[in-house]
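Visitor: First the structure, which I've put down as structure tokens, then a few questions once you've had a look.
The values are calculated or read from the model by the stated rules, or taken from the named source; none is laboratory data. Here the structure is a predicted model, which means the values were calculated and not measured. Please note: Cβ atoms are built from the backbone with ideal geometry, for glycine as well, and neighbour counts cover all protein chains shown.
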């Protein structure tokens, strides 16, 4: 397993796909809008950043690169 901090635009797009892959077979799951997730990590739109920082991470299986 490899833990990767999300830093690039490509990685941000990949980060948004993670829950879609995890919950693809769950008919009761409602996917949030990508813009809603992006706003959570935007210091201009999320007042919680006044108190601290946040980072996004992706855990990949090195064998399958998933």
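Visitor: Taking into account only those residues within region 1-25 that are surrounded by 11 or more Cβ atoms within 10 Å (Cβ to Cβ) and touching a helix residue (DSSP H, G or I) at 6+ places or on another chain (Cβ under 9 Å), which is farthest from residue 36 (Cα to Cα)?
Guide: Of everything passing the filter in region 1-25, 4 is farthest from residue 36 (Cα to Cα).
Visitor: Could you grab the pairs with beta carbons closer than 7 Å, sequence gap of 6+ or different chains, first residue in region 36-48 and closer than 14 Å to residue 9 by Cβ, second one exposed (fewer than 13 other Cβ atoms within 10 Å of the Cβ)?
Guide: Going by the 7 Å Cβ cut-off, the qualifying pairs are 41/54.
Visitor: Considering only region 8-21, I want to know if a residue exists there that is assigned to a loop (DSSP other than H, G, I, E, B) and free of Cβ contacts under 8 Å to residues at least 40 places away in the same chain.
Guide: Within region 8-21 (the criterion being assigned to a loop (DSSP other than H, G, I, E, B) and free of Cβ contacts under 8 Å to residues at least 40 places away in the same chain), the answer is yes, since at least one residue qualifies.
Visitor: If a residue has to be out of contact with any helix residue (DSSP H, G or I) (no Cβ under 8 Å at 6 or more places or on another chain), assigned to a loop (DSSP other than H, G, I, E, B) and under 24 Å from residue 1 (Cα atoms) to count, how many in region 26-65 make the cut?
Guide: Of the residues in that region, 6 qualify.
Visitor: Inside region 45-66, can you point out the residues that are modelled with pLDDT of 90 or more, surrounded by fewer than 10 Cβ atoms within 10 Å (Cβ to Cβ) and under 18 Å from the mean Cα position of the chain (by Cα)?
Guide: 55
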